[in-house]
1. Restricting segment 56-89 to residues that are in contact with a helix residue (DSSP H, G or I) (Cβ under 6 Å, 6 or more places away or on another chain) and either loosely packed, with under 10 Cβ neighbours inside 10 Å or over 13 Å from Val13 (Cβ atoms) (or both), which is modelled with the lowest pLDDT?
2. Among the residues of segment 8-42, count how many are more than 12 Å from Glu57 (Cα to Cα) and either without any contact (Cβ under 8 Å) to a residue 24 or more places away in the chain or in a loop (DSSP other than H, G, I, E, B) (or both).
3. Looking at (1) surrounded by 11 or more Cβ atoms within 10 Å (Cβ to Cβ); (2) at pLDDT 95 or above; (3) among the small types (Gly, Ala, Ser), which is the one condition that is false for Gly53?
4. Pick from segment 23-48 the residues that are touching a Ser or Thr at 6+ places or on another chain (Cβ under 8 Å) and modelled with pLDDT of 95 or more: which of them is surrounded by the most Cβ atoms within 10 Å (Cβ to Cβ)?
Amino acid sequence: MLERVETPPVVVVAPDRRRQGTNALLVCPAGLIEYDFGPGSFQRHCKRAREAGARLEILELPSLALDMDLPEDLELVGESLEGLEEEHD
């Protein structure tokens, strides 16, 4: 994410896998937009970046796509961990 802030102003957003929430947010300069949480935060961050005239970078990162507060995402994490264990056996 850090390589995306070479030319500010920029807002870099990594959404959850449903593109509803924000799982990582990098804003340069800091405080350029209001930070938000919860359902719909991804869309709100994108809107605020555009309104601020900042370059918007959306990063779809599998490593940041899961929400630990959702049971189905926890199951996916468990399946991933099981796969890693099998690889090392």
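The values are calculated or read from the model by the stated rules, or taken from the named source; none is laboratory data. Computed from a prediction, not measured in an experiment: that's the story for all the values here. Virtual Cβ from ideal backbone geometry, glycine too; neighbours counted across all protein chains shown.
1. Kept after step one, since they are in contact with a helix residue (DSSP H, G or I) (Cβ under 6 Å, 6 or more places away or on another chain), are these residues of segment 56-89: 56-57, 66-67.
Within this subset, residues satisfying the condition of being either loosely packed, with under 10 Cβ neighbours inside 10 Å or over 13 Å from Val13 (Cβ atoms) (or both) are 66-67.
Values: Leu66: 75, Asp67: 71.
Out of the qualifying residues, it is Asp67.
2. Summing the residues that are more than 12 Å from Glu57 (Cα to Cα) and either without any contact (Cβ under 8 Å) to a residue 24 or more places away in the chain or in a loop (DSSP other than H, G, I, E, B) (or both) in segment 8-42 gives 20.
3. It is condition (1) that Gly53 fails.
4. Kept after step one, since they are touching a Ser or Thr at 6+ places or on another chain (Cβ under 8 Å), are these residues of segment 23-48: 36-37, 41-42, 45.
Narrowing the set further to residues that are modelled with pLDDT of 95 or more leaves 41-42, 45.
Numbers: Ser41: 19, Phe42: 21, His45: 24.
Among those that are touching a Ser or Thr at 6+ places or on another chain (Cβ under 8 Å) and modelled with pLDDT of 95 or more, it is His45.
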